[in-house]
Amino acid sequence: MTRSLCRILICCLISIAAPVAAQQADAPIQQVLQAHGDEIEKSSRRTIGPAIDALAASGLSEAQEVLERWQAKEMWRQTETGLFVWAEEIDRDTLRVFDFADGSELGTFSDDDYEQLKPNSGIRGMIGAALVRFQLTDPDPVNRATALDAIERDPEASHLAALRAAAGDETDPSLAARKTRLERLLTIRFDEDEAARIEAIEYFDGDLGVDVRAALNPLLATRIEVATALPEGDDIGRVLEPGSEALSEDDAYGLLVDAGLAAPRIGRDDKRVALEGHIENGRIAGIQVATLDSEAARDMAYAALAAAGEVEPVATEAEVSEALSSHVFYERFTGAPPAVVAAASGVLAGIENAVAVNQAMDLGLDALSLASIYFLAAIGLAITFGVMGVINMAHGEFIMMGAYTGYVVQLFVPDYTLSIIVAIPLAFAVTFAAGVALERLVIRWLYHRPLETLLATFGVSIALQQIAKNIFGTQARPLTAPGWLDGSLVFNDIVSISYIRIAIFVLALMFLALILFVMNRTRLGLEVRAVTQNPRMAASMGINPDRINMLTFGFGSGIAGIAGVAIGLYAKVTSEMGADYIVQSFMTVVVGGVGNIWGTLLGASLVGSLQKGIEWLNPSNTLAAQTYMILFIILFIQFRPRGIIALKGRAAEA
Amino acid sequence: MSDMAVDMGRRRPFVVRHPSVLIFLAALALFTVGVTILAEGFGIGVISTSFVKTLGKTLCLCLVALAMDLVWGYCGILSLGHMAFFGIGGYAIGMWLMYARTELIVIESLAAAPLPPTPQEISDGIATQIFGVVGASEFPAVWAFAHSLPLQLAAVVLVPGLLALVFGWLAFRSRVTGVYLSILTQAMTLALSLYLFQNDSGLRGNNGLSGLQNLPGLDQVPQSVVSMWFFWASALALGLGYVLSAWVVSGRFGSVIRAIRDDEARVRFLGYPVEAFKLFIFTLTAIIAGIAGALYYPQAGIINPAEIAPIASIYLAVWVAIGGRGRLYGAVIGAAFVSLLSTWFTGGQAPDVNLGFYTISWVDWWTVLLGLSFVAVTLLAPKGIGGLIDLLTDRVSPDRHGADLGPEPGALREKEADR
């Protein structure tokens, strides 16, 4: 009592002496600080808790500033009066001092009279946690959202009370929803009350969020224990068999050794080292070293050493298996009390079912987009190979030419949307011209000699690839999608699809419609079908087969060019990009059934979903997926050599 | 050695009926003797060891081209998978070479240890040495026979043979022919190379097998001598392969095979089991390709999955087409000509052509030239280089222009029938 009187007296004296303004020594915030003055000054992580809590719980508006300044190492204490202030360092020795109570400047002082408070990182973390409480009720919604982000990143038990306190008066509906969700998640993790935790767990029944699974999974954490008989209790999980996938025999025996239930076993290397340490005159325990060239001989030598007391005795294989079979291994739940574990595992099972359903949907979307890429790559081929019966191995290089056309256009037209709009017809024009040239120069001489067509177009393919390499170099060139195709359409945490894949899918559908229209509803399509079915008869009807063949081939090649632009947006543009698709494209056409656009669509769907399905079974390995897919297709062709949709009757003979 | 092949050839009566076999064997023997005299190993050293290896590898490529000609030029099956069989043969011998050599190294390093090594320690040591590069340290199942040379030599023949037998049986049984078969064999090749590219395929992923030029236990023998051994072996294999191929395509069997190429349906209607004939040729050529690969890769020193990629098989078809398919010496000439020319161009020895505004560097433009000349050969000279020999021997083929005489595209034309 006398001391505090003294202090007040001194305070008064100082305030008189202070030249600028007097510090409010009796302000409520200063009283709170003084009540915990010693803990704050000699702070340690263990003792500081009550002081921070008192500040945070004081309900004073200045408390937030005190905590922020403290955290930023800007709080100082007057050595004589013991009053807390905050200060800016003007230079090495001088401080500009401010009062916490009203933020007024107290003047400029030498730092000899003040002691800086330097909280260590642990305490700064605790202060930060306390500050969250203030940020959660900050008037600015941005700050509130930042606080929520911080909690989501690194939740702590102390946040729970803050969240509950701040939940009621939230005005922004989306922030309110986030607060509620976060409060529920933190309840699951940190609440002491079992009933409240279970209630919170059940709140998330069927929720697909990754955060929910992240909160629930630790509750189901287990520890593997061993005993001679299975103990009773709610917290006992499954019984494990040594040598099963969950518990290898080595691990099981390691548990026994750790529990002191069995003698240690020695590894091959340790045994060798032990033996090497006991070589005397070329012998170990009387056994010739040269004979120790098998594990059995080494075991015998080690046993002899152990019998002589030279090394620790170890368990033999028989003792190991005996020990393993006479003990029971089980899991004990360590993450949470049994009731909570039961609730969590029930909800988690439901969630995992929902996740599986959604993953299947996501896989379906992936398969669909892959199918549309294959369809795009193959549809030009469906015309040249499927309708005309011409094997064009340079088809992949037309795709590549289209993609490079897109790249070159982007060099001249910097606006990505405009450049794509320019690139698509230009790519069609370029590859149409290339296709017509190929047909005029090479293919028309080789009709009815399919193997030679195949070889000649291979030659063209090799040459085109190398020319592209010589012009554009071997590194991948970017073909950038317009900004509005960035990002993806997100349905929930699991199901999402990027807009670029949607665009490719739409493009594939448009191509399908276009080709069906051209082939079935236009004069050109009629003539094409006539020429492919019977060129002589078509010629007698006044159709010029040469012209039609040229146009059809150009049309198929032009579509490959547009597909190249689309594929280039999705993958990088390289000189080998066409070659990567050519085998799959032929597979698509052959599987679907030659001579039928719908067949190509079915073939692309089959090939795409098959590849995605195999990838899902073995997600680490897309190479294996492609291998197995090709093997499957080879087998498929055994049973349906003419594809899914086989032409019947005379058309099949042509 | 080659003289022996000639002697063996002389005993066969058909050689007399087919003088080209004798000419070929004589040329091969002359070539082998010439290289032996000029090379470093046993001769005067005009030809460097690396060039001897190139020549030896070329002989192996000629052998696989011979197989390709047999299956494509004579039987009409355009297989785009024979380089896969070639690669399998290389992998089979490479596994033994790598295992045996690593075993010697491991035993040597373990010999310094105080205790004699156990079999398990040796095996672990070898596995760590070989598979450390793909992050594994255990032997995959495919290496079960790698310790034994006879078993791996058997694998050189059996694995390509069985693969071809199963694949061919599936394909021919369901009447997959023509371009469909080509695409299917190409798919098989692609699947195999993609599989081998994986690290967990057990064959070291894209690292492949390396150090194959070193024969286990023969480190003291200089490479100039080893290269000659392989050169002789390749020459012998080519000679035997040529005689075997010539024997297969002569006589009644050869006639049936050529008939299948020209009109499969008619041969079937005549009562021949077309599928069995095709399967036999397909499997036989796969075995020849496997043997060629087993001789090629110890000379190349390294094999990786890129060697099996579909493009390799396409190049094989290119060689045969440029050399002239449907005649055995054509395949050999094509493979030797194109692969040596390719080595010359891509090796940077060819002089660049300065056009004033642009300098054609052959390292970059050789592939373009090859592709375009391939198109030109297909269009303008279907007989390839072999056609030049027809000019010399004054054999003229029928003019194939004119109207069809039969319903099939391959049927005789008007003027052919006239001759």
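For every residue, the table says whether it meets (1) buried (at least 18 other Cβ atoms within 10 Å of the Cβ); (2) under 29 Å from B:Ser123 (Cβ atoms); (3) within 14 Å of another protein chain (Cβ to nearest Cβ).
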{"residue": "A:Pro218", "(1), (2), (3)": "no, no, no"}
{"residue": "A:Val226", "(1), (2), (3)": "yes, no, no"}
{"residue": "A:Glu249", "(1), (2), (3)": "no, yes, no"}
{"residue": "A:Ala290", "(1), (2), (3)": "no, yes, yes"}
{"residue": "A:Ser294", "(1), (2), (3)": "no, yes, yes"}
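Please state which one of A:Arg178, A:Arg213, A:Arg265, A:Arg184 is surrounded by 14 or more Cβ atoms within 10 Å (Cβ to Cβ), closer than 30 Å to A:Met361 by Cα, of a type in the set (Lys, Arg) and touching a Phe, Trp or Tyr at 6+ places or on another chain (Cβ under 8 Å). Working first, answer last.
Working: A:Arg178 fails: touching a Phe, Trp or Tyr at 6+ places or on another chain (Cβ under 8 Å); A:Arg213 fails: touching a Phe, Trp or Tyr at 6+ places or on another chain (Cβ under 8 Å); A:Arg265 fails: closer than 30 Å to A:Met361 by Cα.
Among A:Arg178, A:Arg213, A:Arg265, A:Arg184, only A:Arg184 is surrounded by 14 or more Cβ atoms within 10 Å (Cβ to Cβ), closer than 30 Å to A:Met361 by Cα, of a type in the set (Lys, Arg) and touching a Phe, Trp or Tyr at 6+ places or on another chain (Cβ under 8 Å).
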Among the residues listed as B:Ala246, B:Ala289, the single one being assigned to a helix (DSSP H, G or I), modelled with pLDDT of 95 or more and touching a Phe, Trp or Tyr at 6+ places or on another chain (Cβ under 8 Å): B:Ala289
Long-range neighbours under 8 Å by Cβ, at least six apart or interchain, first residue small (Gly, Ala, Ser) within the range A:554-565, second buried (at least 24 other Cβ atoms within 10 Å of the Cβ) and not in a helix (DSSP H, G or I): A:Gly556/A:Asn392; A:Ser557/A:Asn392
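Do you know which of the residues in the range A:300-318 that are touching a residue at least 24 places away in the same chain (Cβ under 8 Å) and surrounded by 14 or more Cβ atoms within 10 Å (Cβ to Cβ) is nearest to the other protein chains (Cβ to nearest Cβ)?
Ranking the candidates gives A:Ala301 first.
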Selection within the range A:413-432 - exposed (fewer than 15 other Cβ atoms within 10 Å of the Cβ) and hydrophobic (A, V, I, L, M, F, W, C): A:Leu418, A:Ile421, A:Ala429
In the range A:366-390, the residues that are over 18 Å from A:Pro545 (Cβ atoms) and among the aliphatic types (A, V, I, L, M): A:Ala367, A:Leu368, A:Leu370, A:Ala371, A:Ile373, A:Leu376, A:Ala377, A:Ala378, A:Ile379, A:Leu381, A:Ala382
Pairs with Cβ under 9 Å, 6+ apart, first in the range A:184-196 and within 16 Å of A:Ala165 (Cα to Cα), second of a type in the set (Asp, Glu): A:Arg184/A:Glu199; A:Leu185/A:Glu152; A:Leu185/A:Asp211; A:Leu186/A:Glu156; A:Thr187/A:Asp193; A:Thr187/A:Glu199; A:Phe190/A:Glu156
Number of the condition not met by A:Gly595 [criteria: (1) assigned to a loop (DSSP other than H, G, I, E, B); (2) surrounded by fewer than 21 Cβ atoms within 10 Å (Cβ to Cβ)]: (2)
Tally of residues being within 13 Å of chain A (Cβ to nearest Cβ), part of a helix (DSSP H, G or I) and β-branched (Val, Ile, Thr) across the range B:81-127: 2
Subset of the range A:432-453 that is facing chain B (nearest Cβ under 7 Å) and in contact with a Gly (Cβ under 9 Å, 6 or more places away or on another chain) - its residue that is farthest from A:Gly386 (Cα to Cα): A:Val442
Single match in B:Gly161, B:Gly271, B:Gly241, B:Gly168 (criterion: more than 30 Å from A:Ala456 (Cβ to Cβ), at pLDDT 90 or above and part of a helix (DSSP H, G or I)): B:Gly161
Answer from B:Tyr242, B:Tyr195, B:Tyr180 - the residue that is crowded, with 19+ Cβ neighbours inside 10 Å, within 18 Å of B:Leu59 (Cα to Cα) and either in contact (Cβ under 8 Å) with a residue 60 or more places away in the chain or within 14 Å of chain A (Cβ to nearest Cβ) (or both): B:Tyr242
Matching option when the condition is over 30 Å from A:Arg477 (Cβ atoms), in contact with a helix residue (DSSP H, G or I) (Cβ under 8 Å, 6 or more places away or on another chain) and touching a residue at least 24 places away in the same chain (Cβ under 8 Å), among A:Leu601, A:Leu569, A:Leu610: A:Leu601
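The rows are residues; the columns are (1) touching a residue at least 60 places away in the same chain (Cβ under 8 Å); (2) at the interface with chain A (Cβ under 10 Å from one of its Cβ atoms).
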position: B:Phe145; (1), (2): no, no
position: B:Leu149; (1), (2): no, no
position: B:Val159; (1), (2): yes, no
position: B:Leu162; (1), (2): no, no
position: B:Leu165; (1), (2): yes, no
position: B:Arg173; (1), (2): yes, yes
position: B:Leu184; (1), (2): no, yes
position: B:Met188; (1), (2): yes, yes
The range A:504-523 residues that are not assigned by TED's automatic domain parsing to the domain that holds A:Tyr374 and hydroxyl-bearing (Ser, Thr, Tyr), paired with ones that are in a helix (DSSP H, G or I) and modelled with pLDDT of 90 or more (beta carbon under 7 Å, 6 or more apart): none
Among the candidates A:Thr171, A:Thr81, residue that is assigned to a loop (DSSP other than H, G, I, E, B), modelled with pLDDT of 75 or more, assigned by TED's automatic domain parsing to the domain that holds A:Glu202 and not charged (D, E, K, R): A:Thr171
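Yes/no per residue for (1) more than 37 Å from the chain's Cα centre (by Cα); (2) modelled with pLDDT of 90 or more; (3) surrounded by 13 or more Cβ atoms within 10 Å (Cβ to Cβ):
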residue: A:Ser461; (1), (2), (3): yes, yes, yes
residue: A:Thr480; (1), (2), (3): no, no, yes
residue: A:Trp484; (1), (2), (3): no, no, no
residue: A:Asn492; (1), (2), (3): no, no, yes
residue: A:Arg501; (1), (2), (3): no, no, yes
residue: A:Ala508; (1), (2), (3): no, no, yes
residue: A:Met519; (1), (2), (3): yes, no, yes
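Tell me the residue from A:Asn549, A:Asn596, A:Asn544 that is farther than 20 Å from A:Ala394 by Cα and touching a residue at least 60 places away in the same chain (Cβ under 8 Å), please.
Values: A:Asn549 fails: farther than 20 Å from A:Ala394 by Cα; A:Asn544 fails: touching a residue at least 60 places away in the same chain (Cβ under 8 Å).
Just a single option satisfies the conditions, and that option is A:Asn596.
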Some residue of the range A:356-367 being of a type in the set (Val, Ile, Thr), under 22 Å from A:Phe472 (Cβ atoms) and more than 14 Å from chain B (Cβ to nearest Cβ): no
Among residues of the range A:615-634, those that are away from chain B (no Cβ under 12 Å), assigned to a helix (DSSP H, G or I) and not acidic (Asp, Glu), counted: 2
Residue among A:Ala166, A:Ala130, A:Ala147 that alone is in contact (Cβ under 8 Å) with a residue 60 or more places away in the chain, buried (at least 19 other Cβ atoms within 10 Å of the Cβ) and in a helix (DSSP H, G or I): A:Ala130
Residue that is nearest to B:Gly168 (Cα to Cα) [pool: residues in the range B:39-75 that are buried (at least 24 other Cβ atoms within 10 Å of the Cβ) and among the small types (Gly, Ala, Ser)]: B:Ala67
Test result for A:Ala571, touching a Phe, Trp or Tyr at 6+ places or on another chain (Cβ under 8 Å) and closer than 19 Å to A:Leu507 by Cα: no
Test: residue in the range A:487-500 that is in contact (Cβ under 8 Å) with a residue 40 or more places away in the chain, farther than 30 Å from A:Val210 by Cβ and assigned by TED's automatic domain parsing to the domain that holds A:Ala360: no
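The values are calculated or read from the model by the stated rules, or taken from the named source; none is laboratory data. Bear in mind that the values here come from a model prediction, so they are computed numbers and not experimental data. Every residue, glycine as well, gets a Cβ built from its backbone with ideal geometry; the counts of neighbours run over all protein chains shown.
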